[in-house]
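This report refers to the structure that appears directly beneath it.
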Amino acid sequence: METIKIKGKNGISTVIIDGKIEDVSNHLPGKDLFIITDKNVQNSYFNRFPKAPVYSIIPGEASKQLAYIENIYRWLLLSNADRNSFILGIGGGVVCDITGFVASTYMRGIEFGFVSTSLLAQVDASVGGKNGVDLDGYKNIIGTFNQPRFVICDTDLLQTLPKEELVNGFAEMVKHALISDIKIFEQLENDCNHLLQLKQPLISKHIAESVKVKASIVTADERENGIRKFLNFGHTWGHAVETITGIPHGKAVSIGIEFACRMSMKKGFISKREYLRIMNLLNSFGLPTSINVDPHAVVNILAKDKKRNASNIDFILLQGIGNPKIETMTLDELKTFIEP
């Protein structure tokens, strides 16, 4: 078991690698507890939940709509949840996003924590204090910065995940390596086959390494005024692709990574050899690097991206593996880049 601390404006968030869902009661603050989960997780693990009222959402991104989330607020109100209550999210990325958002806004904010059940949630969605919901198909356009009290990453739960769900998490692990340290990237290259089989202790080691990358960035820049923007690598283009196509988040991020790397190569920041090496690792994890989508439609989505500033948008590019840079670009420059 390994514990990683994230220092936020409102306190310290503790991420526990190899914690167990059965031990979550040891981390609860003794307040009235309310649980948010999804129907798949509830069907698999309900007998291991702490005793508390449970709201079970429909699995998937469609539940991250404000109209749907109003139902959760009403449930909390009717269940007599107050400002001294505690909300526990047990599930993957969507559950963590919804739980963090609801807890941060219900009665102007109550404490919350997570038990992360998917690889994507364990290395990314549950860590860092970003809590967002969608509006009219635009991802996470409404949200908060607020740290969970704790995150339990029970790696045993990964064994029941379908391969496609695991792949989503590997995309974020590759992203963290690319924006932090070539040695972590090389470790992923060396351990890829074992990680796909969830071999221990390697999977826990890599999850911890990935969380440490994000934790160090978030601790230095919680509200994304500077280096936290590095975590958007692959996401600016990827989120727009996800909005248009509906493909899973990790696969969309992988396509976004390819786009950012291709742009980095065109600008002379990375070599073709580095570009191909990155593509090879993504493909080794079963991640796509291209999709049949109109790039002009993607740019139109970017025009409404929450990271846009007037006619400019910050893209995260690479100056080499492990060396990210913020490149401010106009939407017109993007349109020129995608022209054949």
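The values are calculated or read from the model by the stated rules, or taken from the named source; none is laboratory data. Every value quoted in this text rests on a predicted model; they were computed, and no experiment measured them. A quick note on method: Cβ atoms are made from the backbone with ideal geometry, for glycine too, and the neighbour counts reach across all protein chains shown.
For residue 94, work out the one condition from (1) touching a residue at least 40 places away in the same chain (Cβ under 8 Å); (2) under 21 Å from residue 219 (Cβ atoms) it doesn't fulfil.
For residue 94, the exception is condition (2).
Go through (1) crowded, with 22+ Cβ neighbours inside 10 Å; (2) in contact with a Lys or Arg (Cβ under 9 Å, 6 or more places away or on another chain) and name the single condition residue 106 misses.
Looking at each condition in turn, residue 106 falls short on (1).
Before we move on, is residue 72 under 27 Å from residue 219 (Cα atoms) and surrounded by 14 or more Cβ atoms within 10 Å (Cβ to Cβ)? Break it down stepwise before answering.
On the way: under 27 Å from residue 219 (Cα atoms): no; surrounded by 14 or more Cβ atoms within 10 Å (Cβ to Cβ): yes.
So residue 72 does not fit the description; no.
Of the residues that sit in segment 1-21 and are over 18 Å from the mean Cα position of the chain (by Cα) and either over 24 Å from residue 206 (Cβ atoms) or of a type outside the set (D, E, K, R) (or both), which one is surrounded by the most Cβ atoms within 10 Å (Cβ to Cβ)?
Residues of segment 1-21 that are over 18 Å from the mean Cα position of the chain (by Cα), as a first pass: 1-3, 7, 9-12, 18-21.
Applying the additional criterion that residues be either over 24 Å from residue 206 (Cβ atoms) or of a type outside the set (D, E, K, R) (or both) yields 1, 3, 9-12, 19, 21.
On the way: 1: 11, 3: 12, 9: 10, 10: 12, 11: 13, 12: 12, 19: 23, 21: 18.
For segment 1-21, the residue satisfying everything is 19.
Could you check segment 223-265 and list, in sequence order, the residues that are in a loop (DSSP other than H, G, I, E, B) and not acidic (Asp, Glu)? First the steps, then the outcome.
Filtering segment 223-265 down to residues in a loop (DSSP other than H, G, I, E, B) leaves 223-226, 233-234, 246-248.
Listed by number, the residues that qualify are 223, 225, 226, 233, 234, 246, 247, 248.
For the condition β-branched (Val, Ile, Thr), buried (at least 24 other Cβ atoms within 10 Å of the Cβ) and part of a helix (DSSP H, G or I), what is the one hit in 152, 98, 87? Give the steps one after another, and end with the answer.
Working: 152 fails: part of a helix (DSSP H, G or I); 87 fails: part of a helix (DSSP H, G or I).
So the residue among 152, 98, 87 that is β-branched (Val, Ile, Thr), buried (at least 24 other Cβ atoms within 10 Å of the Cβ) and part of a helix (DSSP H, G or I) is 98.
From the list 231, 195, 158, 178, pick out the single residue that is at pLDDT 95 or above and either surrounded by fewer than 22 Cβ atoms within 10 Å (Cβ to Cβ) or on the phi > 0 side of the Ramachandran plot (or both).
On the way: 231 fails: either surrounded by fewer than 22 Cβ atoms within 10 Å (Cβ to Cβ) or on the phi > 0 side of the Ramachandran plot (or both); 195 fails: either surrounded by fewer than 22 Cβ atoms within 10 Å (Cβ to Cβ) or on the phi > 0 side of the Ramachandran plot (or both); 178 fails: either surrounded by fewer than 22 Cβ atoms within 10 Å (Cβ to Cβ) or on the phi > 0 side of the Ramachandran plot (or both).
Checking each option against the conditions leaves just 158.
Checking the condition of a type outside the set (Val, Ile, Thr), assigned to a helix (DSSP H, G or I) and surrounded by fewer than 16 Cβ atoms within 10 Å (Cβ to Cβ), which residue from 186, 209, 165 passes? Please lay out each step first, then the result.
Numbers: 209 fails: surrounded by fewer than 16 Cβ atoms within 10 Å (Cβ to Cβ); 165 fails: surrounded by fewer than 16 Cβ atoms within 10 Å (Cβ to Cβ).
Every option except 186 fails the conditions.
Please count how many residues of segment 64-82 are modelled with pLDDT under 95 and of a type in the set (Gly, Ala, Ser).
Qualifying residue count, segment 64-82: 1.
Name the one entry in 109, 93 that is modelled with pLDDT under 95 and either among the aromatic types (Phe, Trp, Tyr) or over 16 Å from residue 53 (Cβ atoms) (or both).
Details: 109 fails: modelled with pLDDT under 95.
Every option except 93 fails the conditions.
Is segment 266-283 home to any residue that is of a type in the set (Ser, Thr, Tyr), more than 23 Å from the chain's Cα centre (by Cα) and part of a helix (DSSP H, G or I)? Steps first, please.
Start the filter on segment 266-283 by keeping residues that are of a type in the set (Ser, Thr, Tyr), which leaves 271, 275.
From what is left, the residues that are more than 23 Å from the chain's Cα centre (by Cα) are 271, 275.
Add one more test, that the residue is part of a helix (DSSP H, G or I), and what stays is 275.
Checked segment 266-283: at least one residue is of a type in the set (Ser, Thr, Tyr), more than 23 Å from the chain's Cα centre (by Cα) and part of a helix (DSSP H, G or I).
Mind counting the residues in segment 184-223 that are of a type in the set (D, E, K, R) and in contact (Cβ under 8 Å) with a residue 40 or more places away in the chain? Steps first, answer last, please.
Kept after step one, since they are of a type in the set (D, E, K, R), are these residues of segment 184-223: 186, 189, 191, 199, 205, 209, 212, 214, 221-223.
Checking the rest, the ones that are also in contact (Cβ under 8 Å) with a residue 40 or more places away in the chain come to 189, 212, 214, 222-223.
Total satisfying the criteria: 5.
Tell me which residues, restricted to segment 38-55, are surrounded by 19 or more Cβ atoms within 10 Å (Cβ to Cβ) and in contact with a helix residue (DSSP H, G or I) (Cβ under 6 Å, 6 or more places away or on another chain).
Correct list: 38, 55.
Can residue 315 be described as farther than 26 Å from residue 142 by Cβ and of a type in the set (Phe, Trp, Tyr)? Reasoning before the result, please.
Working: farther than 26 Å from residue 142 by Cβ: no; of a type in the set (Phe, Trp, Tyr): yes.
For residue 315, the condition - farther than 26 Å from residue 142 by Cβ and of a type in the set (Phe, Trp, Tyr) - is not met.
Among residues belonging to segment 1-56 that are touching a Pro at 6+ places or on another chain (Cβ under 8 Å) and among the small types (Gly, Ala, Ser), point out the one that is farthest from residue 74 (Cα to Cα).
Per the criteria, the residue is 13.
What is the number of the single condition among (1) modelled with pLDDT under 95; (2) over 30 Å from residue 135 (Cα atoms); (3) of a type in the set (Val, Ile, Thr) that residue 270 does not meet?
(1)
Do you know which of the residues in segment 56-68 that are surrounded by fewer than 19 Cβ atoms within 10 Å (Cβ to Cβ) and among the hydrophobic types (A, V, I, L, M, F, W, C) is nearest to residue 152 (Cα to Cα)?
Filtering segment 56-68 down to residues surrounded by fewer than 19 Cβ atoms within 10 Å (Cβ to Cβ) leaves 56, 58-62, 65-68.
Of the ones still in play, those that are also among the hydrophobic types (A, V, I, L, M, F, W, C) are 58, 62, 66-67.
On the way: 58: 22, 62: 25, 66: 27, 67: 29 Å.
Filtering segment 56-68 for residues that are surrounded by fewer than 19 Cβ atoms within 10 Å (Cβ to Cβ) and among the hydrophobic types (A, V, I, L, M, F, W, C), the one nearest to residue 152 (Cα to Cα) comes out as 58.
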